[in-house]
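*Asks:* There's a structure below that I have some questions on.
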Amino acid sequence: MTGLPTDRDSFGSKFGVIAATAGSAVGLGNIWRFPLVTTQNGGGAFLLLYIGFVLIIGIPVMLSEFSIGRRAQQNAFGSFKKLAPKTPWFMVGFLGILTAFAILAFYSTVAGWTFEYLFQSISGKLLTVDNMEENFSDFSTGTVRPLFWQLLVMLITGVVVYAGIKKGIEKFTKILMPVLVLLILFVAVRSVTLEGAMEGVRYLFLPDWSVVNFKTVLMALGQAAFSLSIGMGTLITYGSYIQKDNHLLSTSTQVALTDTFVAILSSLMVIPAIFAFSDVVVSDLSPGPGLVFEVLPNVFNAMPGGVIFSAIFFGLLSLAALTSTISVLEVVVAWLKEELRLTRKAATIIASISITLLGILATLSFGELREFTIFGKTIFGLLDYASANIMLTFGALLIVIFVGWKMGESDFLEEISNRGTIQSVFFKIIFYIIRYIAPVAIGIITIANFFISGIV
Ligand code: TRP
């Protein structure tokens with residue numbers, strides 16, 4: 001008996017829902033990716049675009065996903081099958097499963113690196129390094145060490161997911177999320193109060209519109225989708241575990257605001273400290289992982305009490321990564337469990353192992369497989385770019401079209417109003433955004449993106 005609403009696991013409390021969903025949203029996307037893409041795309045101007053996308057696209061898509069999952073009480077794939085039987089809409093769910101593979105494969109590589117750096121911070125090794133670029137490239141181009149950490153990440157992720165929704169995911173995130181937010185606040189306050197940090201704060205918030213072009217807009221949308229965990233069914237899956245009396249709009253808004261707040265705090269942790277302590281010109285940084293794994297460790301070494309800050313920083317990156325990896329794995333596990341009628345245990349083992357195999361290729365694309373490129377990108381680069389900028393935006397597009405045009409106004413309103421028991425003037429407005437504005441905006445950006453990336 002699997003897949004029936006009555007025997008499904010669920011979240012136990014409202015705070016649990018927020019913790020798990022915010023746990024999914026807040027991750028490497030906020031702390032590793034956001035400061036990086038912000039610095040490369042015009043600082044404050046990018047930030048404004050980003051916030052705009054979170055509000056007009058992010059929250060409506062989150063709500064669309066929640067409403068699909070909670071209505072169907074199924075995994076991302078099964079939800080489309082149930083709400084639109086005998087139509088090809090299940091393909092959207094399938095795209096989501098594929099995206100989960102792509103994301104988790106490269107994400108677990110970076111999560112592994114954060115574990116290594118946590119280890120290097122605690123063991124004191126990081127303090128003795130004088131060439132950080134060399135330190136990072138020696139490590140990341142290796143084989144055994146990066147793979148060891150990646151396997152550990154997948155193992156911990158698998159154990160939490162195996163424990164289930166209430167006893168695994170909810171329990172884990174309820175403890176970790178508050179700790180995480182406090183630690184980020186702590187490091188951000190330290191960073192902005194350093195001498196010379198104000199330059200960095202100014203850089204972050206003063207918009208420079210001269211560098212904004214279509215690609216910037218696309219990157220902002222892709223980043224918003226990635227950071228909010230939308231576009232691939234994570235929130236459909238989590239939505240299917242949310243109680244019927246949960247106020248979905250309020251939950252989505254709280255999660256989106258928390259996620260954006262943490263992204264901004266992360267930039268405040270990273271960028272001002274770099275301005276204060278190093279002679280690197282932030283806008284000249286080459287794209288890639290260097291910011292967090294090369295520049296920042298130098299900053300920590302130059303900072304009084306830097307060991308502590310570096311241990312806290314990499315510790316919180318590791319934890320933030322884990323609360324996200326579990327949400328991606330759960331998409332695949334829920335699908336295997338309900339569609340193939342496997343036990344949670346078997347589904348978790350199969351999903352973890354197959355994703356790890358792809359993940360190994362991503363990790364090795366910095367070392368052994370460095371020369372192997374597709375569309376001019378390494379396997380890692382391709383998985384990163386394709387998942388965030390193509391698959392997620394395309395997924396988000398199909399999801400809003402589904403809710404706006406297939407599920408329709410009355411079903412959507414019934415779901416988000418908890419069968420009419422709560423009212424809000426925003427409900428109708430949001431539906432119109434989902435039906436008209438979001439598809440046009442995401443559609444234009446998605447199509448343009450095919451041209452930019454040279455695929456068409
Ligand atoms: N949002 C997470 C981050 O910012 C990553 C993530 C988790 C994700 N689940 C997702 C991204 C689903 C896209 C879709 O790090």
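*Asks:* Give me the orientation-averaged projected area of the Cα convex hull of the chain, in nm², one decimal.
*Replies:* Mean projected area for the chain: 20.2 nm², to one decimal.
*Asks:* Taking H placed 1.01 Å from N in the peptide plane, check which residues at least 5 places from residue 365 or on another chain put their amide H under 5 Å from its amide H.
*Replies:* 380
*Asks:* How large are Rg and Dmax for the range 94-166 when only the alpha carbon atoms are used, in Å?
*Replies:* 15.0, 48
*Asks:* Identify the trypsin sites (Lys or Arg not before Pro) of the range 187-244 meeting these criteria: DSSP loop state and at most 12 other C-beta atoms within 10 Å of the C-beta.
*Replies:* 244
*Asks:* Oh, and also: Tell me, what is the FRET efficiency for residue 202 and residue 341 to the nearest 0.05, using R0 = 51 angstrom and their Cβ-Cβ distance as r?
*Replies:* The computed FRET efficiency comes out at 0.35.
*Asks:* Note down, for the range 382-456, the three equivalent ellipsoid semi-axes (square root of 5 times each alpha carbon gyration tensor eigenvalue), biggest first, whole angstrom.
*Replies:* Equivalent ellipsoid semi-axes, largest first: 31, 12, 9 Å.
*Asks:* Let me see the pair-distance distribution of the range 9-162: every alpha carbon pair, 10 Å bin width, integer percents in order.
*Replies:* 8, 25, 32, 24, 9, 2, 0
*Asks:* What Kirkwood hydrodynamic radius do you get for the range 154-264 when you take the inverse of the mean 1/r over all pairs of distinct Cα atoms, in Å?
*Replies:* For the range 154-264, inverting the mean 1/r across all distinct Cα pairs yields 17.3 Å.
*Asks:* Now for a separate question. When we measure straight from the Cα of residue 174, which lysines land under 24 angstrom away, once same-chain ones fewer than 8 places off are left out?
*Replies:* Here the lysines satisfying the reach criterion relative to residue 174 are 14, 166, 244, 345.
*Asks:* Also, quick follow-up: Take the Cα coordinates of the range 305-456, assign each an equal point scatterer, and use the Debye formula without solvent to give log10 I(q)/I(0) at q = 0.21 Å⁻¹.
*Replies:* Debye output, listed in q order: -1.20.
*Asks:* Still on this structure, I have one more. For labels at residue 148 and residue 370 in the simple 7 Å Cα→Cβ model, what's the distance in nm?
*Replies:* About 2.1 nm, to one decimal.
Values quoted throughout were computed directly from the atomic coordinates according to the rules given, and no laboratory measurement underlies them. The structure presented is a predicted model; accordingly, all values stated were derived computationally and were not measured. Every residue, glycine among them, receives a Cβ derived from its backbone with ideal geometry; neighbour counts consider all protein chains shown.
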